[in-house]
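Read through the structure below, which is laid out as structure tokens, and then see the notes.
A short reminder: the numbers here are calculations on the coordinates, not readings from a lab. Treat the numbers as computed from the prediction; the structure is a model and nothing was measured. Here the Cβ is made from the backbone with ideal geometry for all residues, glycine too, and neighbour counts use every protein chain on show.
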Amino acid sequence: MSRKPIFAANWKMNKGASETEDFVKSFLSKQQGLNLPAEIVIAPPFVSLPKLADLLHDSNPGQNAHAIQIAAQNCSQYDSGAYTGEISVLMLREFFVHYVIIGHSERRAIYGETDATINAKIRKAREANLKPIFCIGETLAEREGGMLETVLRTQVTDGLKDVSEKDLSDIVIAYEPVWAIGTGVTATSEQAQEAHAFVRSLIADLYGSDSAAKIRIQYGGSVKPNNAAELMACPDIDGALIGGAALDPQSFLEIIRNGTAE
Ligand code: PEP
């Protein structure tokens, strides 16, 4: 089963419109002619989405700009109304957003998002035909306490509750051990492969082996140009969700290039 790897830049609360423009212009000029065998996604802050949409929409397709998809970093589980500070899935669609990160560990830990909230957001995103990048992962205490499989099973089962097999085919899972996010500590390729294979087995239990073979599972957690190749060589790792190292166009490009090199 060949799965197209997907490399997504999660800029978190970094880069307003002018920095977005600088990044994209630089990235496109470096990427020109490379024809990378991967799907490339950028998730800027909400306020930079219009600028990113303009830049990618107006770019010359010869620069491969059309190969870059736009993601949001979050969405509301509601359609509209009295939800101060929230952004709906239909609002995102207006800016050519195709993906939405849901359940990032920072949303879980800082903003108290539960598996039930995350499930509601995933289902709402699918109603608007947005593709969720569904984040899961254990804390260090959970891993050291022997809870890895229990935590991942609960996050996957509850996060995908009432999600159809058809909708699953438009979902990407991002396995991100919380202890590896923004810490400079990366999971070893053995640890990452083991967790990815387990997540794929959970999908097989829930949806069958065909869906499990097709679903893309990204690794996230201190991915850098110098560790991308080893991680991406693992059979169950299908790309990366990248924070810090995707703030620089050269470093993001090197991750993709190293992670897709034969
Ligand atoms: C992330 O925020 O999803 C992430 C993986 O961050 P970093 O690459 O900085 O660890």
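Some values worked out for this structure:
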{"quantity": "Per-pair calculated FRET efficiency, R0 = 25 Å: D248 and E127 via Cβ, rounded to 0.05", "calculated": "0.10"}
{"quantity": "Efficiency of FRET between S209 and A233 - r from beta-carbon atoms, R0 25 angstrom, step 0.05", "calculated": "0.60"}
{"quantity": "Value of relative contact order over the stretch 187-262, rounded to a whole percent, pairs C-alpha under 8 Å and six or more apart", "calculated": "32"}
{"quantity": "Pairs from K12/K124; K51/K131; K4/K25; K131/K214; K12/K51; K4/K214 whose Cα-Cα separation, in the structure shown, is over 19 Å", "calculated": "K12/K124; K51/K131; K4/K25"}
{"quantity": "10 Å Cβ shell holding at most 16 others, DSSP loop, chymotrypsin sites (Phe, Trp or Tyr not before Pro): longest site-free stretch of the chain", "calculated": "97-262"}
{"quantity": "Distance (nanometres) between label positions extended 7 Å along Cα→Cβ at Y111 and T157", "calculated": "2.7"}
{"quantity": "In Hz, Karplus ³J(HN,Hα) per residue of the stretch 225-241 (6.51, -1.76, 1.60; θ = phi - 60°; x = Gly, Pro)", "calculated": "x, 7, 10, 5, 4, 5, 5, 6, 6, 5, x, 9, 9, 10, x, 9, 9"}
{"quantity": "Segment T150-T183, length gained on full extension (0.36 nm per residue, minus Cα span)", "calculated": "9.5 nm"}
{"quantity": "Separation in nanometres of the label points that stand 7 Å from Cα toward Cβ, at Y83 and A261", "calculated": "4.4"}
{"quantity": "Whole-number percent relative contact order across the stretch 157-218, with pairs defined as alpha carbons under 8 Å at least 6 apart", "calculated": "48"}
{"quantity": "Relative contact order computed over the chain (Cα-Cα under 8 Å; 6+ residues apart), in percent", "calculated": "21"}
{"quantity": "Of M147, P177, C135, farthest towards positive along the dipole that unit charges on Lys, Arg, Asp, Glu beta carbons give the stretch 108-215", "calculated": "C135"}
{"quantity": "Candidates per GluC sites (Glu not before Pro) in the stretch 52-142, loop by DSSP, up to 15 other Cβ within 10 Å", "calculated": "E86, E94"}
{"quantity": "Nitroxide proxy distance, nm - points 7 Å out along Cα→Cβ at K4 and E94", "calculated": "2.9"}
{"quantity": "Summed residue charge, Cβ within 14 Å of V89's Cβ, Lys/Arg positive, Asp/Glu negative", "calculated": "0"}
